[in-house]
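Every number here is computed from the coordinates shown, using simple stated rules; none is lab data. Remember, predicted model here, so these are calculated numbers, not experimental data. Here the Cβ is made from the backbone with ideal geometry for all residues, glycine too, and neighbour counts use every protein chain on show.
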Amino acid sequence: MKKRTGKQPSCGIDEGFQEAITAHMSTRAYLEGRTMYWDADKEEITRG
C-alpha cells in the first residue's frame, strides 16, 4: 500500500490498528472513569 504521494506509509496496517485501539481505549477510560483492557484473542476492549 502506498500514499497518494507514492511513498510508503510510516507504519503498516497492523501497527496503525494497534495505535488507534490504544488511543480509543485511553479516551474511553478517561470518559468513563474506568480501566480498560485489551483482549487480544477476541480483539475487543473490556472494562476493568
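Tell me which GluC sites (Glu not before Pro) from the range 10-48 have a DSSP coil assignment and no more than 14 other beta carbons within 10 Å of their own.
Working: sites: GLU15, GLU19, GLU32, GLU43, GLU44; in loops: GLU43.
Filter output for the range 10-48: GLU43.
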Computed over the Cα atoms of the chain, what is the ratio Rg over Rh, Rh following Kirkwood? 1.15
Scan the chain for trypsin sites (Lys or Arg not before Pro) in coil per DSSP, keeping those whose Cβ has at most 16 other Cβ atoms within 10 Å, and list them by number. LYS2, LYS3, ARG4, LYS7, ARG34, LYS42
Cα-based helix-to-principal-axis angle, 13-32 vs the chain, degrees rounded to 10: 30
